[in-house]
Amino acid sequence: MPEAFQSAKFIVTYAKPGDTAATLATRYLGGADKAWMVEDYARATSFAPKQEVVIPKVEWNRPGVYPNGYQVVPVLVYHNIAAQRKGRLTIAASTFEEQMRYLKAEGYHAVSLDAFLAYLQQQRQLPRKSVVIAFDDGHKGFLQYARPLLKDLGFQAVLFVVSDQVGSRVNAAFLSWDELRELSEDGVEIYAHSKTHQDLRRSAGEAEQRYVRRMQLELGLPLELLRKQLPGRDGRLEAVAYPFGEWDDRLLESVKQYGYVAGFTVHRQPNPAFIPLLTVNRSQVYADWTLEEFKRNLATFQSQDLIVSKPPQGRPAQSPARPTTEGKSALSPRERLAAPHNDRAEALEAEGELRAALDECDIALTINSKDARALARRAAIERRVEREVAALVQEGQALARSSASEATRYYLAALALDPTSANAFEALRAADTMRAPAVRPVTPPTKYLTHTTRADDTTVSLADLYYGDPSLASAIERANGLRPGAPLGAGRVVKIPEIPGVRFFPDR
């Protein structure tokens, strides 16, 4: 008997003493970086000697939809990291390390934004416990405190930078273009967070022509600078993080116009594969969180009972009879090994678990490619899946106008049956778009403080004083109708607006 059986989809092998997902991935999939495929399919990381292990050779469920729910990916967003905590947005290095080591110990995979965007377009599968680690603004604390730790843990990270803070607003607190270039060459992904970090929505009374020009600067110029300063971006899908997470339909039109494929908010929810690409959720990590509060933002699966297929009415489809023998010795070794998978396929089909039943047929055929029982059952299940997927999508479309949430259940059930169904995936994304608010309302601050300036005050120093984060200077500028970087002078009364989630006087 061979050490392993192989087909186009699966490898069936038997564990050796000391085998783990990593050793099996190295032996059969070309490297330990594919260990997640073994883990996720087998739902195990280690194996007993001689235990049968089924290893997928190809991705088997790109959207991550199953009969009991679907995969979601949290995007964690940080601002600054320092030796000590300051306010809510500058996290202590020790706290950040505790969070990252927790992720590593619990088996989370910090994936690249490139991989995440491919997942959102049904172009690749992600490990079930995936997370994206993002940093906004481009603070130098990333280089000093975060990057060494992330590299040591093998975690990917993405920076969303405000181009003015690494361009015309040169500041030792922010990364320079040389530093960003070096990080990019070392594998850190870098994307746009606008030019000035001002609200990108069209404001009340702002003329259309003026708004168009402002978007040309806020969205177009950062892309030009990134492509000029950071070589090797040809062919890369571009993404933008909206300042303060704010967006509306008019902004999304501009974002698409400038070629951005994805846009990121700060809505505290993880993301299914079918999230609308221009309104991807991110969870802001705050400096005063306990580890328990951090854990609550790490959901990677949304449980949901989907519409399960029912056994067909009437006489069940016939499959070839099982081999009748006077004893097991009459079966060939391959037939004996394939028989349990055939039995499971039959039981799963009767329960309506058609996708799992198909897998069991394919595993049986991996062991014994001429297994008549598996061939016949597989053909019958494929025909049934095709019919049921078409019916579920059609039913979902009929419900979409009256109830997008109910339509979603049908599309999810279709994807659970056939994860490759482009019709079900696109319909699901369209339904999710309908369920999302079409426009994020412009919510004025509920509270202001006032500050009478001294000669040396700037909006940056005031943001540092009141919010604990100099990068929030644009909130003060916007509230007072100031140009970015405009001098204040002494004796001026300046409004300091409340920002949701950020405390006034953070160190008091």
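A few comments on the model shown:
- Residue match in region 133-148 (condition: within 19 Å of the chain's Cα centre (by Cα), not small (Gly, Ala, Ser) and not in a strand (DSSP E or B)): no
- Subset of region 238-256 that is in contact with a Gly (Cβ under 9 Å, 6 or more places away or on another chain) and assigned to a loop (DSSP other than H, G, I, E, B) - its residue that is farthest from Pro276 (Cα to Cα): Tyr242
- Count of region 400-430 residues which are modelled with pLDDT under 85 and hydrophobic (A, V, I, L, M, F, W, C): 1
- Filter pass, Asp186 being more than 19 Å from the chain's Cα centre (by Cα) and more than 26 Å from Thr95 (Cβ to Cβ): no
- Looking across Gln156, Gln216, one residue alone is of a type outside the set (Ser, Thr, Tyr), out of contact with any Pro (no Cβ under 9 Å at 6 or more places or on another chain), part of a loop (DSSP other than H, G, I, E, B) and modelled with pLDDT of 95 or more. It is Gln156.
- Checking Lys34, Lys50 one by one, the residue that is over 30 Å from the mean Cα position of the chain (by Cα) and either under 21 Å from Gly107 (Cα atoms) or among the basic types (Lys, Arg) (or both) is Lys50 and no other.
- Members of region 274-292 that are of a type in the set (Ser, Thr, Tyr) and in a loop (DSSP other than H, G, I, E, B): Thr279, Tyr286, Thr290
- Residue match in region 299-309 (condition: surrounded by 17 or more Cβ atoms within 10 Å (Cβ to Cβ) and closer than 27 Å to Thr90 by Cβ): no
- Residue selected from region 227-247 under the condition out of contact with any helix residue (DSSP H, G or I) (no Cβ under 7 Å at 6 or more places or on another chain) and modelled with pLDDT of 95 or more, by the criterion surrounded by the fewest Cβ atoms within 10 Å (Cβ to Cβ): Tyr242
- With respect to (1) surrounded by fewer than 19 Cβ atoms within 10 Å (Cβ to Cβ); (2) over 29 Å from the mean Cα position of the chain (by Cα); (3) in a helix (DSSP H, G or I), the lone exception for Gln394 is condition (2).
- When Glu293 is tested against (1) crowded, with 17+ Cβ neighbours inside 10 Å; (2) under 21 Å from Ile81 (Cα atoms), only condition (1) is not met.
- Every condition in (1) among the charged types (D, E, K, R); (2) in contact with a helix residue (DSSP H, G or I) (Cβ under 7 Å, 6 or more places away or on another chain); (3) modelled with pLDDT under 85; (4) under 30 Å from Gly87 (Cα atoms) holds for Lys495 except the one numbered (3).
- Cross-chain or 6+ apart pairs with Cβ under 6 Å, region 125-154 first and assigned by TED's automatic domain parsing to the domain that holds Tyr286 and surrounded by 18 or more Cβ atoms within 10 Å (Cβ to Cβ), then part of a strand (DSSP E or B) and hydroxyl-bearing (Ser, Thr, Tyr): Phe135/Tyr78
- Among the residues of region 188-206, those identified as at pLDDT 95 or above and either closer than 20 Å to Ala146 by Cβ or surrounded by fewer than 14 Cβ atoms within 10 Å (Cβ to Cβ) (or both) are Val188, Glu189, Ile190, Tyr191, Ala192, His193.
- Filter result (more than 27 Å from the chain's Cα centre (by Cα) and either crowded, with 16+ Cβ neighbours inside 10 Å or outside the structural domain of Trp247 (by TED's automatic domain parsing) (or both)) within region 207-223: Tyr211, Arg214
- Residue in region 451-467 that is at pLDDT 80 or above, assigned to a strand (DSSP E or B) and under 30 Å from Gly138 (Cβ atoms) present: yes
- Check on Tyr41, without any contact (Cβ under 8 Å) to a residue 40 or more places away in the chain and aromatic (Phe, Trp, Tyr): yes
- In region 62-91, residue farthest from the chain's Cα centre (by Cα) [restricted to those that are surrounded by 21 or more Cβ atoms within 10 Å (Cβ to Cβ) and of a type in the set (S, T, N, Q)]: Thr90
- Leu200 meets all of the listed conditions (1) free of Cβ contacts under 8 Å to residues at least 60 places away in the same chain; (2) out of contact with any Asp or Glu (no Cβ under 7 Å at 6 or more places or on another chain) but one, namely (2).
- Yes/no for Ala32 being surrounded by fewer than 17 Cβ atoms within 10 Å (Cβ to Cβ), of a type outside the set (Lys, Arg) and free of Cβ contacts under 8 Å to residues at least 12 places away in the same chain: yes
- Hits in region 17-45 (condition: assigned to a loop (DSSP other than H, G, I, E, B) and in contact with an Asp or Glu (Cβ under 9 Å, 6 or more places away or on another chain)): Thr45
- Checked against (1) in a helix (DSSP H, G or I); (2) touching a residue at least 12 places away in the same chain (Cβ under 8 Å), Asp178 passes all but a single condition, namely (2).
- Test: Val240 is under 20 Å from Ala475 (Cα atoms), of a type in the set (Val, Ile, Thr) and in contact with a Leu (Cβ under 9 Å, 6 or more places away or on another chain): yes
The values are calculated or read from the model by the stated rules, or taken from the named source; none is laboratory data. The structure presented is a predicted model; accordingly, all values stated were derived computationally and were not measured. Note that each Cβ is placed from the backbone with ideal geometry, even for glycine, and that neighbours are counted across all protein chains shown.
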